[in-house]
Amino acid sequence: MDFPWSATVIVRGWFAVWFNSPVEGHNLWFFAVSVLANIDDNLTVMDHLTVSFQAEGVFRSVATHDSRVFVYELRRSEREMHTTKRPQKVNRTPPPLE
């Protein structure tokens with residue numbers, strides 16, 4: 001039995017880039033995930049460190065003797081809640097690349 005699914009995926013944080021030639025004396029740079037929205041129209045910027053996108057697919061099977069699938073939708077207020085209680089880190093943005 002096929003189960004179609006869709007989800008809003010939220011990505012928060014930084015990603016690392018290694019440059020073969022140093023940029024301003026450094027090879028390793030860190031960028032907020034929100035900069036990826038500049039090159040991918042599927043990403044929606046939520047804040048400086050957070051993007052979201054829609055994902056969907058079809059769940060086809062599980063290799064087990066017994067399986068149960070439970071599906072429920074969150075109330076709108078629960079969908080909009082942040083998933084972390086950690087305090088925000090100080091944002092340090094590297095200079096733009098030329």
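Worth pointing out:
- Summing charges over all other residues whose Cβ lies under 15 Å from the Cβ of PRO4, with Lys and Arg as +1 and Asp and Glu as -1, gives -2.
- Efficiency of FRET between PHE31 and PHE53 - r from beta-carbon atoms, R0 25 angstrom, step 0.05: 0.90
- Theoretical FRET efficiency, 1/(1+(r/R0)^6), r = Cβ-Cβ of MET46 and SER6, R0 22 Å, to 0.05: 0.75
- Remark: segment 22-36, residue by residue, has Karplus-estimated 3J(HN,Hα) of x, 10, 6, x, 10, 8, 9, 10, 10, 10, 5, 4, 5, 5, 5 Hz, where x stands for each Gly or Pro and the curve is 6.51 cos²θ - 1.76 cosθ + 1.60 at θ = phi - 60°.
- Segment 1-57, Cα convex hull volume normalised per residue, Å³: 108
- Label-point separation in nm, GLU24 to SER61, each point 7 Å along Cα→Cβ: 5.4
Quick note: the coordinates plus some simple rules give every number you see, no bench work behind them. The structure displayed is predicted, hence computed values, not measured ones. All Cβ positions, even for glycine, are placed from backbone atoms using ideal geometry, and neighbour counts span all protein chains on display.
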